[in-house]
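Heads up: the structure comes next, in structure tokens.
The values are calculated or read from the model by the stated rules, or taken from the named source; none is laboratory data. Just so you know, these numbers come straight off a predicted model, no measurement behind them. Quick reminder, even Gly has a Cβ in these numbers, built from the backbone with ideal geometry, and neighbours come from all protein chains shown. Note: areas computed on protein heavy atoms with side chains; ligands, DNA, RNA excluded. Shrake-Rupley method; radii C 1.70, N 1.55, O 1.52, S 1.80 Å.
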Amino acid sequence: MDELDELLGIGDFSAECGLSPKMLRSYAAAGLLVPAAVDRSSGYRYYSTDQLHRARVIALLRHAGISVEAIASYFQDPTDARFDRWDREIAREAAGRRRALAEARAALALGAAPPPDRRTTATRGSSMALDTFAGVASHRGTGETNQDATLVGDGLFAVADGIGGLQDGEVASRLALDTLDAAFAAGRSASGLLSACREANDAVWRQATARGTDPTMGTTLAVVAMTSDAGMLVVHAGDSRAYRLRDGQLDQLTDDHTVVGDLIRAGKLTDDDATTHPHRHVLTRALGVGPTVELDHAGVSCRAGDLFVLCTDGLSKALADDRLRTVLAGAGGAQESADRMVAAAVGNGADDDATALVVTVR
Ligand code: MG
């Protein structure tokens, strides 16, 4: 028994390595961690102190969710490549869980939403009231999350297309619209709308810089809002767009704040060439990428029969204006228009998140 004095009983070994005696027995059975000695007469198992290191590694790998079989296989053929593979598997699984969580959240929001055409009443000045009906549709592209967000508020409609890796884009676009919604409710004038947009920029910028690393978060913003003193206003930064369809004529109300948009307006690039330009995804303005943002804003006339579209670039890149007009001409209400636009964009191979918010005025 002298040699066993240097060994640890299963209870002491368990306390040292953090694996329960039950686990130790199952790992012994699987050949993963076999006791160094067994007392012939009592059947007690003993582990050597040399085995503590392996036991602690096994405990950590189990904590990382690696199966007993996979760990046993690793110890038979220990390679770094296997750790790389586990790392990828964990990332994939985490992404899948996050996606399911986001989809569950979206499904709940959908279930809680009012019927398809959301009716809101926008008051224009004090003398004229127009009824607006809004419909929203969105399709996630090839990314792991849909980074587009939409807002249907009281006389306030907006889309935002988030920029940033992992969840950052999704956070930025939602944060911008939630901030805008709350701030506009506090001041519904034209200047109130602009300061609400600037507040949205500030909120995203603060969030982006909160971690003290290089800020990588941002979002586009396109807003159509009925103000209390200046009628309908369009405000935007980035390449999300606003259109108005009136009497069959489709007018784009926004200029894309992109490198190619600038080149097209300067007459240095055609629309066709823009679709393949290496910098076609480069924005020249966005919310949350600096402490301040330059916003374009303009008043736009609005009357019964008008239809307004807000969309992200995933949709506008997949649907040329003439195709957009055809799709809208064939649709009924706001929701059907939004659904058809997104379906047409997806049918055209949109790989980015594609979002349409349609407002009809009656
Ligand atoms: Mg996009």
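At-a-glance table
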quantity: Nitroxide proxy distance, nm - points 7 Å out along Cα→Cβ at Val34 and Thr276; calculated: 6.5 nm
quantity: The chain - mean residue ellipticity at 222 nm from DSSP helices (-39,500 (n - 2.57) per run, n ≥ 4, rounded to 500); calculated: -13000 deg cm²/dmol
quantity: Check: the range 260-347 dipole with +1 on Lys, Arg Cβ and -1 on Asp, Glu Cβ, in debye; calculated: 20 debye
quantity: Net charge, Ala350 excluded, C-beta distance under 10 Å - Lys, Arg +1, Asp, Glu -1; calculated: -3
quantity: Crossing angle, helix 334-347 versus the chain [Cα axis fit, 0-90 degrees, rounded to tens]; calculated: 60 degrees
quantity: Signed unit charges on C-beta, dipole axis of the chain, positive-most listed residue Ser301, Ala91, Val38; calculated: Ser301
quantity: Semi-axes of the equivalent ellipsoid for the range 50-93, Cα gyration tensor, largest first, Å; calculated: 18, 12, 8
quantity: Cβ-based net charge around Glu16, under 13 Å, with every Lys or Arg adding one and every Asp or Glu removing one; calculated: 0
quantity: Cβ-defined net charge surrounding Arg45, 13 Å radius [Lys, Arg +1; Asp, Glu -1]; calculated: +1
quantity: Mean Cβ count within 10 Å, highest first, over the residues of peptides 317-328, 233-244, 53-64; calculated: 233-244, 317-328, 53-64
quantity: Angle in degrees between helix 190-209 and the longest Cα principal axis of the chain, rounded to the nearest 10; calculated: 20 degrees
quantity: Alpha carbon centroid spacing (whole Å) that separates the range 268-282 from the range 29-86; calculated: 57 Å
quantity: Calculated Rg and Dmax of the range 289-335 using C-alpha coordinates, Å; calculated: 14.7, 43
quantity: Cα convex hull of the chain, projected area averaged across orientations, nm²; calculated: 24.8 nm²
quantity: Accessible area expressed per residue, the chain, with surrounding protein chains retained (probe 1.4 Å, Å²); calculated: 51 Å²
